[in-house]
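Here the structure is laid out as structure tokens; the discussion comes afterwards.
Readers should treat all values here as calculations from the given coordinates under stated rules, not as data from a laboratory. Values in this document were obtained by computation on a predicted structure and should not be read as measured data.
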Amino acid sequence: MNNKNELVITTKFDKKEYGPKEKVLLNINVTDSFGRPVETDFSIAITDADKVKLNEFGANILTQLLLQSDIKGHIENPVEFFKDQKRSTIAKLDLIMLTHGWRKLNWENIKLKIIEPIEFDVVEGFKVTGIATDLRSNPLKNTNI
């Protein structure tokens, strides 16, 4: 589920500091992980940095969508389970999923069933034609595609 295709959001303010209720000019640039521009809708909340402390290990939208909404109970430092793709981090995420259990599945209702083979009518497929080329647009010869 966590395919690491997160948006890259950069911001540029017109000034370093602002007074109370002063107009803020903000330039926001959103790209995909490959640097390509992305059109998107978003909302923003601006607060005083001294009054709202950021918990770097607390919940965020990623942890809510991929973890907290599907399992029971409180999860301490949910960001820790998505910080990297190391084997130890993935193992910890598996343990959390196993110990907390999934909300959306009722295991008592899932029973072992032998599924009968399904017969399908023959459907004419699509025909794909073309010429396979290398990076210099030269046709490829004797190549499996």
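With the cut-off at 31 Å, tell me which of the pairs Lys12/Lys86; Lys51/Lys92; Lys53/Lys83 have Cα atoms farther apart than that. Kindly include the intermediate steps, with their values, before the conclusion.
Values: Lys12/Lys86 33 Å; Lys51/Lys92 33 Å; Lys53/Lys83 20 Å.
Long pairs (Cα-Cα over 31 Å): Lys12/Lys86; Lys51/Lys92.
Using the Karplus curve 6.51 cos²θ - 1.76 cosθ + 1.60 with θ = phi - 60°, what ³J(HN,Hα) values do you get for each residue of the range 29-42, in whole Hz, with x for Gly and Pro?
Coupling constants for the range 29-42: 10, 10, 10, 7, 5, 9, x, 7, x, 10, 8, 8, 10, 7 Hz.
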